[in-house]
Amino acid sequence: MCGKEYLWRKKWLLVPIMCCLSVLLPGCETDPPPPFPYYSEPRQTCIDLATVAVVTSKNYATEHVVIMVVDGPRYSETWGDPEKELIPHMANDLAPQGIVGTAMYNEGVTRTINGHVALATGCNQDINNSGKDFPARPSLMQIYRKMTGAPATDTWVVGSKDKIEVLANTSHREWKDQFLPSSWCGTNGGGNGSGYGSDAETVVELKKILTQHHPHLTIVNLMDPDVFGHRNDWPQYINGIRTTDDQVWEIWKHIQTDPEMGGKTTLFVTNDHGRHLDDVADGFISHGDYCDGCRHINFFAVGPDFRTDLVTDTRFEQVNISATAAELLRIPNPANENLVMWELFR
Ligand SMILES: [Zn+2]
Ligand SMILES: [Zn+2]
């Protein structure tokens with residue numbers, strides 16, 4: 001173990017000690033306990049980038065990672081539905097091939113850009129949700145390119161929502177404008193400011209990108225459940241969940257038939273956030289607070305290094321996905337290595 005890593009681990013040990021101390025401090029005992037788990041600030045899981053030096057030496061069959069983010073369905077209409085009525089492909093075709101997580105949470109801010117940034121950078125960040133700011137930390141895509149010397153077309157940000165393009169850069173002084181991934185976001189892939197596109201168009205483009213470039217790391221946003229939820233259009237919200245279920249299945253089949261990506265790709269399917277429970281605020285129409293509906297999200301993973309036909313109720317959060325993706329791609333882990341979801345591995 002290198003010195004820096006050891007130092008960092010010692011610092012990490014201080015966290016539970018400090019938490020215990022704060023509980024024991026007089027004056028705190030009359031405060032009602034916050035709903036668990038509650039963080040007044042997005043919980044910081046990321047480590048000092050200067051200490052990011054340890055790369056796994058393990059050999060994995062995975063060479064490509066795709067993170068699909070379905071924007072804003074509720075757990076109760078997806079994996080939380082005992083019948084899984086709206087996600088037949090996920091439940092019947094994909095689940096036997098991979099791992100379903102029943103306790104995945106957004107532990108930061110339950111809005112679109114925040115959820116995506118946690119996944120892409122391995123750090124929860126309270127960031128502007130309108131696409132006005134870049135993430136404070138470099139993305140896995142940038143780290144991948146820096147580590148491997150891969151061209152821009154080897155990592156992608158693909159999204160129906162134009163603002164998702166902010167994932168393709170960072171405000172971090174040492175990483176801004178460097179090792180940027182390619183991006184195709186919004187109307188006709190026009191990028192931030194072009195307006196929302198359509199999931200159907202995004203899927204067509206994604207398939208083209210996968211076929212042409214066989215990227216090693218891709219993060220994808222599909223938006224329909226969120227968009228129709230905000231319009232208070234329950235039938236179209238439900239339809240959006242069904243459609244994105246179809247699209248995830250279609251993409252997985254496409255990957256498996258690709259000569260370079262088939263059998264060598266790990267797919268994660270998750271959400272940026274959920275939506276309010278029915279008895280919170282305006283219910284399924286909105287999201288953004290700390291209610292369980294907003295925080296409890298989907299998790300599914302499938303790939304050559306993962307177990308199959310497994311359902312886990314271990315509590316995870318979005319940055320666990322970033323950490324696990326970094327591990328599989330053998331790049332420095334921007335979250336921290338203790339966050340790798342080891343139980344998923346064969
Ligand atoms: Zn939304
Ligand atoms: Zn809520």
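Coordinate-derived values only; no laboratory data. As the structure is a prediction and not an experimental result, all values here were calculated from the model. Glycine gets a Cβ as well: all are built from the backbone with ideal geometry, and neighbour counts include every protein chain shown.
Some points to look at:
- Between Thr102 and Tyr196, the simple label model (points 7 Å from Cα in the Cβ direction) yields a spacing of 3.2 nm.
- Over 27 Å apart at the Cα level, from the set Lys161/Lys207; Lys84/Lys132; Lys58/Lys84; Lys58/Lys176; Lys161/Lys253, are Lys84/Lys132; Lys58/Lys84; Lys58/Lys176.
- Dipole moment magnitude, nearest 20 debye, the range 49-344 about Cα centre, only Lys, Arg, Asp, Glu C-beta charged: 960
- For Asp93 and Asp282, the difference between the fully extended length at 0.36 nm per residue and the C-alpha to C-alpha distance is 64.7 nm.
- For the range 68-132, trypsin sites (Lys or Arg not before Pro) meeting the loop criterion (DSSP other than H, G, I, E, B) and having at most 14 other Cβ atoms within 10 Å: Lys132.
- Straightening the chain between Asp246 and Asp126 buys 40.0 nm, computed as 0.36 nm per residue apart minus the Cα-Cα spacing.
- Inter-centroid distance (Cα atoms) of the range 155-200 relative to the range 214-290, Å: 17
- For the range 238-294, the spread of Cα positions along each principal axis, largest first, Å: 48, 22, 11
- Taking every Cα-Cα distance in the range 185-344 and sorting them into 5 Å bins starting at zero, the pair-distance distribution P(r) comes out as 2, 8, 14, 17, 19, 19, 13, 6, 2, 0 percent.
- Neighbour-count order for Asp162, Asp226, Asp282, fewest beta carbons within 10 angstrom listed first: Asp282, Asp162, Asp226
- Gain in span if fully extended, Phe345 to Ala61, counting 0.36 nm per residue against the direct Cα distance: 101.1 nm
- Ellipsoid equivalent to the range 49-344 - semi-axes via the Cα gyration tensor, in Å: 26, 21, 19
- Note on Leu310/Glu260: beta-carbon distance plugged into 1/(1 + (r/R0)^6) with R0 of 41 Å gives a FRET efficiency of 0.95.
- Fraction in percent of alpha-carbon pairs per bin - 10 Å, the range 241-335: 13, 35, 35, 14, 2
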